[in-house]
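*Asks:* If you scroll down you'll find the structure; I have some questions about it.
The values are calculated or read from the model by the stated rules, or taken from the named source; none is laboratory data. Computed from a predicted model, the values in this text were never measured in an experiment. Ideal geometry is used to build each Cβ from the backbone, glycine not excepted, and the neighbour counts take in all protein chains shown.
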């Protein structure tokens, strides 16, 4: 009987962790989602992760063989295998997650920053198929970014390249969890647009269904739905977010000359409500040589398919080791 090789993909987000079993072609066999609860200690998260993985593994039959694990996580260092000082997770300065997971399951583990993994996923399975120069911005709890240059992931000297979420918008601006003030992610993320909405509710007298939702309970979907229904506060929030993000994307273009910038994550689900102001302000701020040349795209990967990033990470590493390996 032929067995099909599969990988375990783990996507650790600031709010949710997603895990799944993925084939070489990007087919998701099984997946599970649970709350990260990043304010709790790492050992509590680890026990939850292991119990969820156990449920996935017990679903396997003899026709599938698990051969590797890919992990995408905030502030993950692919050189050390550690998660280092994640601003949205209270796990301390260093978490040796590759070593822990590798020893637990006796399998090779490949780790990368979650947005770097997402960029590989877009190139291997998603919107960026066939592209060699592009940037992925993940607009979730924070703002992550992954850069592909000449078909390769750009990681830099310390495996920390592409922290676009922490470029500065305003040195006297909003406090960021990283310790700096005015970082881009404090404006262009689900958390950032919530902050913008609450500022606008204080400044504007317009009625809005958002006024009945607490800061903790408000989601990107609440804001998107309100904007789609014509809510003045939500529309203004997207316009302000689009201005800030579009202006910084013009800077990204000047640095990297990409074919496209691809937006993914919860905030990107707003579609044209976010995309239109972003494009308008990016083109306005672009150096003339780039005008009209760079695409801004919404990822076709759904939020629940975020595991395709770490899956691509695992498969890319396996293919690098055995470039002529068969599919099964």
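*Asks:* Of the conditions (1) touching a strand residue (DSSP E or B) at 6+ places or on another chain (Cβ under 8 Å); (2) more than 22 Å from residue 83 (Cα to Cα); (3) in a helix (DSSP H, G or I), residue 185 satisfies every one except a single condition; which number is it?
*Replies:* Only one criterion is unmet by residue 185, namely (2).
*Asks:* Please state which of the following conditions residue 70 fails to meet, knowing it meets all the rest: (1) farther than 25 Å from residue 148 by Cβ; (2) buried (at least 22 other Cβ atoms within 10 Å of the Cβ); (3) touching a strand residue (DSSP E or B) at 6+ places or on another chain (Cβ under 6 Å).
*Replies:* Of (1) farther than 25 Å from residue 148 by Cβ; (2) buried (at least 22 other Cβ atoms within 10 Å of the Cβ); (3) touching a strand residue (DSSP E or B) at 6+ places or on another chain (Cβ under 6 Å), only one is false for residue 70: (1).
*Asks:* Another question about this same structure. Counting just the residues of the stretch 22-67 that are assigned to a strand (DSSP E or B) and over 19 Å from the mean Cα position of the chain (by Cα), which one comes out surrounded by the fewest Cβ atoms within 10 Å (Cβ to Cβ)?
*Replies:* 65
*Asks:* When you go through 92, 121, 126, 102 one by one, which is the residue that is surrounded by fewer than 22 Cβ atoms within 10 Å (Cβ to Cβ) and either in the same structural domain as residue 165 (by TED's automatic domain parsing) or out of contact with any strand residue (DSSP E or B) (no Cβ under 6 Å at 6 or more places or on another chain) (or both)?
*Replies:* 92
*Asks:* Before we move on, is residue 137 over 19 Å from residue 296 (Cβ atoms) and either touching a residue at least 60 places away in the same chain (Cβ under 8 Å) or outside any loop (DSSP other than H, G, I, E, B) (or both)?
*Replies:* It is false that residue 137 is over 19 Å from residue 296 (Cβ atoms) and either touching a residue at least 60 places away in the same chain (Cβ under 8 Å) or outside any loop (DSSP other than H, G, I, E, B) (or both).
*Asks:* Looking at the stretch 87-127 only, could you name the residues that are under 17 Å from residue 320 (Cα atoms) and outside any helix (DSSP H, G or I)?
*Replies:* Matches in the stretch 87-127: 107, 108, 109, 110, 111, 112.
*Asks:* When you go through 269, 293, 236, 240 one by one, which is the residue that is within 23 Å of residue 123 (Cα to Cα) and more than 19 Å from the chain's Cα centre (by Cα)?
*Replies:* Answer to the selection: 293.
*Asks:* Filter the stretch 264-302 for residues that are part of a helix (DSSP H, G or I), in contact (Cβ under 8 Å) with a residue 60 or more places away in the chain and either out of contact with any helix residue (DSSP H, G or I) (no Cβ under 6 Å at 6 or more places or on another chain) or at positive phi (or both) and give the result.
*Replies:* 268
*Asks:* Tell me which residues, restricted to the stretch 1-21, are within 21 Å of the chain's Cα centre (by Cα) and either modelled with pLDDT of 95 or more or under 18 Å from residue 109 (Cβ atoms) (or both).
*Replies:* 7, 8, 9, 10, 11, 12, 17, 18, 19, 20, 21 - these are the residues of the stretch 1-21 that are within 21 Å of the chain's Cα centre (by Cα) and either modelled with pLDDT of 95 or more or under 18 Å from residue 109 (Cβ atoms) (or both).
*Asks:* Name the one entry in 273, 298, 307, 262 that is over 17 Å from residue 184 (Cβ atoms) and surrounded by 23 or more Cβ atoms within 10 Å (Cβ to Cβ).
*Replies:* Matching residue, one of 273, 298, 307, 262: 307.
*Asks:* Is it the case that the stretch 131-141 has a residue that's in the same structural domain as residue 8 (by TED's automatic domain parsing), at pLDDT 95 or above and under 20 Å from the mean Cα position of the chain (by Cα)?
*Replies:* no
For (1) under 22 Å from residue 78 (Cα atoms); (2) out of contact with any helix residue (DSSP H, G or I) (no Cβ under 8 Å at 6 or more places or on another chain), each residue gets a yes or a no:
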| position | (1), (2) |
| --- | --- |
| 159 | yes, yes |
| 199 | no, yes |
| 210 | no, no |
| 214 | no, yes |
| 222 | no, no |
| 230 | no, yes |
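*Asks:* So which residues in the stretch 98-119 are under 19 Å from residue 6 (Cα atoms) and free of Cβ contacts under 8 Å to residues at least 24 places away in the same chain, if there are any at all?
*Replies:* Passing the criteria: 103, 106.
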